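Inspection log for the structure reproduced underneath, given as structure tokens.
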Amino acid sequence: MDPMAAIKQTFFQECEEQLAELEAGLLAMEGGDSDSETVNAVFRAVHSIKGGAGAFSLDDLVRFAHVFETALDHVRAGRLAATPDVLKIKLRAADVLADLVRAARDGTTVDEARCKSLADELRALDPNGGEEKEDDLSTLNFQPVVVRFEGLDDDDDDDAEDEDTAAPIVVPSAGARLYNIHFRPRPSLYAKANETALLFRDLKDLGKIKVKCDASGLPLLTELDPEGAYLGWQIELLTDRDEDAIRDVFEFVAWDCDLEIKDADEAEADAPMNDASESADVDQQVAALLELVRASAADEPAETAAPAKSGGKKKSKPAVAAPSAAPKEEPPPMAEVVPLPAKQTAQPASAKAAAAADDLKAAPTIRVDLDRVDRLINLVGELVINQAMLSQRVLEAGLARASAVAMGLDELEQLTREIQDSVMAIRAQPVKSVFQRMPRLVREIAAMTGKSVRLVTDGEGTEVDKTVIERLTDPLTHMIRNAIDHGVESPEKRIAAGKAEEGLVRLSAQHRSGRIVIEVSDDGAGINRPRVKEIAVEKGLIAADAVLSDEETDNLIFLPGFSTAQEVSDISGRGVGMDVVKRSIQALGGRIAISSRPGQGSTFTMSLPLTLAVLDGMVVTVAQQTLVVPLTAIVETLQPKATDVHGMGGNARVISIRNKFTPLIDVGRELSYRNTPADPLASVALLVETEGGGRSALLVDAIQGQRQVVIKSLEANYRHVHGIAAATILGDGRVALIVDVDAVVANSHAEADAQDNALAAVG
Amino acid sequence: MSEPGIERMNGRELMAFRIGAQEFCVDIMAVREIRGFAPATPLPQSPAFVRGVINLRGAVLPIIDLSARLGFPPAEPTARHVIMVVQVGKQTVGLLVDAVSDILTVGAESIQPTPDVASEMTKNFVRGVLAIDGRMISLIALDNVLPAMESEAAA
């Protein structure tokens, strides 16, 4: 990948994070959080996106982000109250911004009209009557420019003269004001590749400037961190522009510096004096520095430590270098290891801002290729198996359990388990990333259906395997859609029913006995059971006279081809029903259940494994082979009795379980491990539930036990094998196959059909 | 072998192995490792030449009985048999052979075209033959062994 594309990719990744933060912040504000840090975080998110987008010349994005940012700035500055209405517009603006980011990333286009209307809405929020100055954009200048140091580094006296040649000077009008700007960059400013000289040049465009460097924070060379930032600048700017124009110049570095802009009238009292003393300081400091350099060149480095402490003002020899040398030596290329106390006390004002910045960086993360993590997981899995084998061999070798070797192995076992858990945890992510997408969905669907809905999420921090998270989005989206479209009633109906006008959809996640349980509930009308039954009969899914319990009726909605919407709406009625949801949940090794109370709403509960890398299985023996049957499919196990097993013609047999006849499937024959039918009386039957909700009994020779197994792909090095879901490695190091229960059951039906057809053809 | 100096100049390194009385070879770059035979877990509904799968450091590795694949009687593996772990495209596969015999460095010109007498089956996999020290060694193209396996198995 060429470096630019790589940077761009990083930018888009960061955009996603910023967008998430933006939405979270706006939602927090909607929830009544008016903390300035939240407001700032929101502003910062949009700001960063704008900055990055500008660097990549993503003009549409920049334009919208700018309008958005301006609107947010009004809130930040307290010019605009964060009322619910305002926040609603901002949330929608956040959605559009997300669209724009994705469009820029994928090279697609966005709904221009929507962007424009929202941009207009945002402008309308402007308390100054919506006069958004278009030319504000002109301050966004990301073009690479040749830096002319001469203009800035020259002595103060030459400044004006130099400017004349450097750029068309803006002649300050009579109404020009004098501003004193105190500007002190932090190391992060330089780390982000900003250049102070460029800022000064931009300032120069505003009017007449005088720049003085404040090098009082400059440590001695021995203590200088090459990447630190020690210099500050006092800038006097005579301009007819207002303070905002000046702030615009510092727009992109505002978070990485201490900036103070004062109207000279107010600042007059101290600023000029500072100027004088500081330039003198510079002389002294530079002199001290030079002397030190000379000293260290001549003497042992250790000796320089002593004068370094006392350095500074005492040792003021006549300056050898011009004072202007100091500003030239911008610290970033060469500066500090230990933060200097002097520097810290010098910037008490920045402490809070710095703390805020620390908050943002609270949890440092790294991006790692999933492949690498998976390789690690594989290796650790192998380590666990190897360790188990080793333990077994040691025992077999007749070593006592209390022997040093056996005890060492026990410790190793604990260690390997811990490593396994930790490695698995790398793949685990909070469900937040999925939950975060839902507020937007709720807003959109609520708007489309004309319903008023509030989404409450809970347990966003619950962690689950990344793959589970990825595959959770679709079913969850669908369920939320359903909850709003079918569950929550229209405002009128709700009021008539004595409920709050605003519907409530709850989305929660929690860990429960080694699985993650996700609930989607609404406080709507609940499942309309008579209607559900009616439709099921209409569509031929159940017999007209079928007697169903409430629970059974509710479960009808999971049947393929079922849709209860009176008319097919473009929200839920997309040809995918709850059967698809159920299937995708099952594909993840999970289960889904409904509970519904008429008039009070419905709750869908999904229970999913925490990881797809391991599976709870029942280890069984079939024709001398060891197989694993996923525990999620098994309803119960039983020992068939002679009186329960009945032949059904051909090789087909059924087993009677509590007076219900269930097909008996001989796994050994189904997987062609043997040709002779197994003796049911010497076997064990596993009652399993399949995808369609049907039940079958799988006949296996014996049950070895239950175990958590690590899932290994067969397809990676071979291909899919019908009837086998995957493979795993058992404690003895051998490969065992995991049975695909659905496929085995479906296959047995197909075979029976084929047999029937063959017989029919003969007859 | 006899003139290593010359052969290495433009030579190609091949790994020779035995199946029954015959000798074959594959490009050594495809060979990842060689390990002793371990009993494989049989795979249902697979062709006879797929002996099953084994655990290769956490990965599930299919074992191809090359003898059966080339139309010879299926191998009856003993502890002396070896599995050549080879890379074919993105997949890693184990080939069950009787023994690994040699590493050859040969020039492209010493590979002769497959004689017509060979069976159809052998023709599909044998890319050429080498005459070395009076022995005949058939060069096997791995990429041809496996896709055929896949389509046949899928049928």
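Values computed for the structure shown
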item	result
Evaluation of A:PHE56 against (1) under 20 Å from the mean Cα position of the chain (by Cα); (2) open to solvent by less than 60 Å² (accessible area, probe 1.4 Å) (one fails), failing number	(1)
Matching option when the condition is modelled with pLDDT of 80 or more and within 14 Å of chain A (Cβ to nearest Cβ), among B:LEU130, B:LEU70, B:LEU66, B:LEU142	B:LEU142
Every residue from the range B:37-55 that is in a strand (DSSP E or B) and either touching a helix residue (DSSP H, G or I) at 6+ places or on another chain (Cβ under 6 Å) or facing chain A (nearest Cβ under 7 Å) (or both)	B:THR41, B:VAL53, B:ILE54, B:ASN55
Selection status of A:PRO439, more than 19 Å from A:SER521 (Cα to Cα) and not hydrophobic (A, V, I, L, M, F, W, C)	no
Within the range A:633-651, tally of residues that are buried (at least 18 other Cβ atoms within 10 Å of the Cβ) and out of contact with any Leu (no Cβ under 8 Å at 6 or more places or on another chain)	2
Filtered residues of the range A:716-745 (kept if facing chain B (nearest Cβ under 9 Å), open to solvent by 50 Å² or more (accessible area, probe 1.4 Å) and in contact (Cβ under 8 Å) with a residue 24 or more places away in the chain)	A:HIS722, A:ARG734
Among (1) over 43 Å from the mean Cα position of the chain (by Cα); (2) of a type in the set (A, V, I, L, M); (3) within 30 Å of A:LEU541 (Cβ to Cβ) - the single one A:VAL744 does not satisfy	(1)
From the options A:LEU390, A:LEU379, residue that is part of a helix (DSSP H, G or I), open to solvent by 70 Å² or more (accessible area, probe 1.4 Å) and under 18 Å from A:ASP421 (Cβ atoms)	A:LEU379
Test: residue in the range A:540-548 that is in contact with a Leu (Cβ under 8 Å, 6 or more places away or on another chain), charged (D, E, K, R) and open to solvent by 30 Å² or more (accessible area, probe 1.4 Å)	no
Filtered residues of the range A:693-715 (kept if away from chain B (no Cβ under 12 Å) and open to solvent by 30 Å² or more (accessible area, probe 1.4 Å))	A:GLY693, A:GLY694, A:ARG695, A:ASP701, A:ALA702, A:ILE703, A:GLN704, A:GLN706, A:ARG707, A:GLN708
Whichever residue in the range A:610-631 is closer than 28 Å to A:ILE469 by Cα and among the small types (Gly, Ala, Ser) and, among such residues, is least open to solvent (accessible area, probe 1.4 Å)	A:GLY617
Selection count, the range A:661-687, where residues are closer than 30 Å to A:ASN378 by Cα and more than 14 Å from chain B (Cβ to nearest Cβ)	0
Members of the range A:441-464 found to be in a strand (DSSP E or B) and either in contact with a Phe, Trp or Tyr (Cβ under 7 Å, 6 or more places away or on another chain) or of a type outside the set (Asp, Glu) (or both), listed by number	A:VAL453, A:ARG454, A:LEU455, A:VAL456, A:THR457, A:VAL464
Verdict on B:GLU33 being in contact with a strand residue (DSSP E or B) (Cβ under 6 Å, 6 or more places away or on another chain), buried (at least 18 other Cβ atoms within 10 Å of the Cβ) and among the charged types (D, E, K, R)	no
Selected residue (only one of A:SER713, A:SER696, A:SER672 is out of contact with any Asp or Glu (no Cβ under 7 Å at 6 or more places or on another chain) and on the phi > 0 side of the Ramachandran plot)	A:SER672
Qualifying residue in the range A:395-418 (condition: under 28 Å from A:GLU30 (Cβ atoms) and open to solvent by less than 20 Å² (accessible area, probe 1.4 Å))	no
Subset of the range A:183-226 that is buried (at least 17 other Cβ atoms within 10 Å of the Cβ) and of a type in the set (Val, Ile, Thr) - its residue that is nearest to A:GLU243 (Cα to Cα)	A:ILE209
Verdict on A:VAL96 being free of Cβ contacts under 8 Å to residues at least 40 places away in the same chain, crowded, with 18+ Cβ neighbours inside 10 Å and assigned to a helix (DSSP H, G or I)	yes
Matching residues in the range A:252-266 - criterion: being in a helix (DSSP H, G or I) and modelled with pLDDT of 80 or more	A:VAL253, A:ASP256
Of all residues making up the range A:501-525, the number that are buried (at least 19 other Cβ atoms within 10 Å of the Cβ) and in a loop (DSSP other than H, G, I, E, B)	3
Filter pass, A:GLU463 being of a type in the set (Asp, Glu) and either open to solvent by less than 20 Å² (accessible area, probe 1.4 Å) or under 30 Å from A:LEU379 (Cα atoms) (or both)	yes
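The values are calculated or read from the model by the stated rules, or taken from the named source; none is laboratory data. These numbers were taken from a predicted model, which means no experiment stands behind them. Backbone-built Cβ (ideal geometry, glycine too); neighbour counts: all protein chains shown. These accessible areas exclude ligands, DNA and RNA; they are computed on the full protein's heavy atoms, side chains included. Shrake-Rupley method; radii C 1.70, N 1.55, O 1.52, S 1.80 Å.
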